[in-house]
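Colleague: What follows is a single structure, and I will ask about it in a moment.
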């Protein structure tokens, strides 16, 4: 059961073309308080933006926070990567089972490092189904794209 003052995070990434201009967004909720984060990159992929959303949100957690953080993502790539695949990648020197380099290894390493310092409960939410936090994170990701110069 979630405590009233637990930290809940919704993250999402978006890309206009893949690759193309992309954005990431995160909604952080702590009791009645909320914080919105977003940003963009001119030439990126959707998967990189999904990863960036989670990284930026977890980087924004106050140092010393020890409670469980519930992080919702609509990306099975992010969810499975951080909860399952990363263990094997690290054992194999950041190579996949086919011995090819892990795609987005730079971001995976960053996410793994910050994830190891926090108590994160990773959860999946189906995107674009009316879940308020997910819809808001999606809107923030699109806002991240809008901040880029045309």
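Colleague: Those residues that are exposed (fewer than 15 other Cβ atoms within 10 Å of the Cβ), modelled with pLDDT of 95 or more and out of contact with any strand residue (DSSP E or B) (no Cβ under 7 Å at 6 or more places or on another chain), I need them from the range 54-71; list them, please.
Modeller: Within the range 54-71, 59 is the sole residue that qualifies.
Colleague: Suppose the filter is farther than 15 Å from residue 22 by Cα, surrounded by 21 or more Cβ atoms within 10 Å (Cβ to Cβ), in contact with a strand residue (DSSP E or B) (Cβ under 8 Å, 6 or more places away or on another chain) and modelled with pLDDT of 95 or more; does residue 51 pass it?
Modeller: No; evaluated as a whole, the condition is false for this residue.
Colleague: Still on this structure: Give me a count of the residues in the range 34-51 that are out of contact with any helix residue (DSSP H, G or I) (no Cβ under 6 Å at 6 or more places or on another chain) and within 17 Å of residue 8 (Cα to Cα).
Modeller: The qualifying residues number 2.
Colleague: Could you tell me which residue of the range 41-71 is nearest to residue 137 (Cα to Cα), considering only residues that are without any contact (Cβ under 8 Å) to a residue 60 or more places away in the chain and in a loop (DSSP other than H, G, I, E, B)?
Modeller: Residue satisfying both the conditions and the ranking: 60.
The values are calculated or read from the model by the stated rules, or taken from the named source; none is laboratory data. Keep in mind it's a predicted model, so treat the numbers as computed, not measured. With ideal geometry, Cβ positions are generated from the backbone for all residues, glycine too; neighbour counts draw on all protein chains shown.
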